[in-house]
Amino acid sequence: MAFISITYGLFLLGVLFIYWSQRSSSWRLWVLLIASLLFYSSLQIQYIPLLLFVVWLNFYLGQKIAVNTSPGSHLNNNRLSNEEWLMAQELWNQQRLRLLWLGIGLNILCLVSFKYVPFILTNISAPLNLPVAREGASWINDHLIAPLGLSFFVFECIAYLIDVYRGAPATRQGLQFATYKLFFPKLISGPITRYHQFANELKDIQFPSFDRLSEGLWLIASGAVKKALLADRIGIFVDLCFGNLERAGSGDLWLAIFAYGLQLYLDFSGYVDIARGSAILMGFNLPENFNFPYFSTSIADFWRRWHITLGDWIRNYLYFPLGGSRKGLGRTCLNLFVVMLIIGIWHGAAWGFVVWGGLHGLALVVHRLTQTLSERFAWLKAWWQSGLGVLVAWAITQWMVFMSWICFRLPNLKQAGFVIQNLWGQPADVQFAENVYLSAFGLQRFELTLLLSLVTLLMAGVYGIHRGLKLQLNWPLKLLLVPLCLYTVWLLAPEGGLPYIYFDF
């Protein structure tokens, strides 16, 4: 069941009608849980038992960790000596930590089993001369498909267990926890949502006001425009170009890299808009996930604006536990690099994702070193804050981001290397322009470049209105534009559409 389809529209309307017709909060949870299971069943029904088991496992472990988070009986035992009390406290803390690591390990094992076993077998088969490992990897790739949204699912579970370990209350309501984990708007690709944030909203669910209703409908409509009208159209060109690398010229490759950056942003942010809009109609507020990332002036600022919930997860559950920036400049740089390597691996089981994460890690290290130098030299800090300095910082940041997208789009390092080698001085095949530009779009390369530039200028205009003028559309205008947007999508969207890119992660 695709988000942008009549089927999903009817499904959402049916869920909303049944959901708001229930007066009991528990019955509403049941409606959401059943609807979420039906939604996922329409995509991969075979993995419903696995998801339910993972939900139960984390619910159970959360309760066990919570029991050990509460003060132990030794705290009130006046007969214990200081040595005995310290020993009891240490054993108590060790038990809590063992339970936490057990939960983290089981969640990561689930993720590795489905997504990384072929990658591991392939990479050990050559150095260890194990052809059986290569054959096993090929068999798994041919016969096993990873559950959709597993990475997001696992990250939320790990976050919940760590929050409970740190002292947050564990839920004793299995229905509430299952609804949170399987909530269909965010189930496949986020945004990553903490349990306690979701649970707090359950305490006071109210039917949305007119402005909230219009906001939810507007997010759904604008998300559909981003995905179906823009991202899918751009994606057709990207697929044609990267699918015919040997025939593409240098200019075509540069345009494809730029187009893929736009496609990825519009595709993922469009999904999140529809997810957030659907949740608003049910009285929930899912966190924002994008804040005009392509207008960032540093790589650190980029990661505060791109996939915001993943960035928060990185900081809270990886970067800070590793020591953050509290242990000196060298350790800070190492932590930044290691964290981004992990995030690269999280995105996929291929060396291209590792390189992509490493590039972003190096960029964060360079940014931290530059920031440190700027704090020592007033003239350098003043230059970076000048108009020219801001423009240069923006250009460097976006050049790095878009160039790193090569490894993200082509995780096969041979293909990525081929693109990089042919970015200069490579003529296009004679028939490439005709087959890619004229046959597929009826446009010349220059005209397609202008259209993509127009999309970028439109994004810049929206950014200026939101961030500079602090203006937004009012709810009556949003309601007026919703049917126009949806009708335009129905009329002009490419037939069939393309799958969401982040469904692979």
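The values are calculated or read from the model by the stated rules, or taken from the named source; none is laboratory data. Values in this document were obtained by computation on a predicted structure and should not be read as measured data. Neighbour counts are summed over all protein chains in view; Cβ atoms, including those assigned to glycine, are modelled from backbone coordinates with ideal geometry. The accessibility values were calculated without ligands, DNA or RNA, using every heavy atom of the protein model including side chains. Shrake-Rupley method; radii C 1.70, N 1.55, O 1.52, S 1.80 Å.
With an a/c value of 1.5 or above and a/b not larger than b/c for the gyration tensor axes a ≥ b ≥ c computed over the alpha-carbon atoms, the stretch 234-304 is described as oblate. Our analysis of the chain gives Rg over Rh at 0.99, with the two radii drawn from alpha carbon positions and Rh computed by the Kirkwood formula.
Inter-label distance, ARG304 to LEU97: 3.3 nm, where each label sits 7 Å from its Cα along the C-beta direction. The heavy atoms of LEU286 present about 10 square angstrom of accessible area, all protein chains included, probe 1.4 Å. Given the C-alpha centroids of the stretch 412-464 and the stretch 249-320, what is the distance between them in whole angstrom? After rounding, the separation between the Cα centres reads 22 Å.
Computed over the stretch 347-415, the Cα gyration tensor eigenvalues convert (square root of 5λ each) into semi-axes of 31, 13, 6 Å, ordered from largest to smallest. Diffusion of the stretch 129-187 by Stokes-Einstein, at 4 °C in a medium of 1.567 mPa s and with Rh set to the Kirkwood radius over alpha-carbon pairs, works out to 90 µm²/s. TRP383 contributes an accessible area of around 100 Å² to the protein surface, as traced by a 1.4 Å probe with all chains present. Between the amide H of PHE290 and those of ILE308, distances stay under 5 Å, these residues lying 5 or more places away or on another chain, with hydrogens modeled in the peptide plane. Surface listing: TYR294, TYR487 arranged by accessible area from highest to lowest gives TYR487, TYR294, probe 1.4 Å.
Near ILE280, once Lys and Arg are set to +1 and Asp and Glu to -1 for all other residues with Cβ below 10 Å from its Cβ, the sum equals +1.
Computed from backbone phi, the HN-Hα couplings of the stretch 408-419 come to 6, 7, 10, x, 6, 5, 5, 5, 4, x, 4, 4 Hz, rounded to whole numbers (Karplus: 6.51 cos²θ - 1.76 cosθ + 1.60, θ = phi - 60°; Gly and Pro given as x). Here the stretch 269-310 is treated as a Stokes sphere of Kirkwood radius computed over C-alpha pairs; at 4 °C and 1.567 mPa s its diffusion coefficient rounds to 118 µm²/s. In the context of the full set of protein chains, residues of the chain present 50 Å² of accessible surface per residue (probe radius 1.4 Å, heavy atoms only). 3J(HN,Hα) along the stretch 460-473: 5, x, 5, 4, x, 5, 6, 8, x, 8, 6, 10, 9, 5 Hz, from the Karplus curve 6.51 cos²θ - 1.76 cosθ + 1.60 with θ = phi - 60°, whole Hz, x for Gly and Pro. With contributions of -39500 (n - 2.57) from each DSSP H run of at least four residues, the per-residue ellipticity at 222 nm computed over the chain stands at -22500 deg cm²/dmol. Ranked from largest to smallest solvent-accessible area, with a 1.4 Å probe on the protein heavy atoms, LYS181, LYS470, LYS115, LYS381 come out as LYS470, LYS381, LYS115, LYS181.
Please identify which residues in the stretch 108-149 have an amide N closer than 16 Å to a label point set 7 Å out from the Cα of PHE503, following the Cα→Cβ vector. The answer is 145-149.
Here, P(r) means the percent of Cα pairs in each 5 Å bin from 0 to the largest distance; for the stretch 191-318 it is 2, 11, 15, 16, 17, 15, 11, 6, 4, 2, 1, 0. Rg and Dmax over the alpha-carbon atoms of the stretch 348-498 stand at 21.2, 58 Å.
Here the dipole of the chain is about 1260 debye; that uses its Cα centre as origin and unit charges on the Cβ of Lys and Arg (positive) and Asp and Glu (negative). Taking GluC sites (Glu not before Pro) as exposed when DSSP calls them loop and at most 12 other C-beta atoms lie within 10 angstrom, the chain has its longest site-free stretch at 247-494.
Measuring nothing but protein heavy atoms, the accessible surface of the chain at 1.4 Å probe radius is 65 percent carbon and sulfur. If R₀ is 22 angstrom, what is the calculated FRET efficiency for the pair PHE207 and ILE34, using the beta carbon separation as r and rounding to 0.05? Using R0 = 22 Å, I get an efficiency of 0.60. Legend: residues ILE45, ILE162, sorted from most to least accessible area (1.4 Å probe; ligands, DNA and RNA excluded), read ILE45, ILE162. Straightening the chain between ASN291 and LEU491 buys 69.1 nm, computed as 0.36 nm per residue apart minus the Cα-Cα spacing.
Here is the tail figure for the stretch 252-348: Cα pairs spaced more than 20 Å apart come to 51 percent of all pairs. Here the stretch 154-188 is scanned for amide nitrogen atoms under 11 Å from the site 7 Å beyond the Cα of LEU43 along Cα-to-Cβ, giving 183-188. Structural size metrics of the stretch 418-480, computed from C-alpha coordinates, are Rg and Dmax of 18.9, 53 Å.
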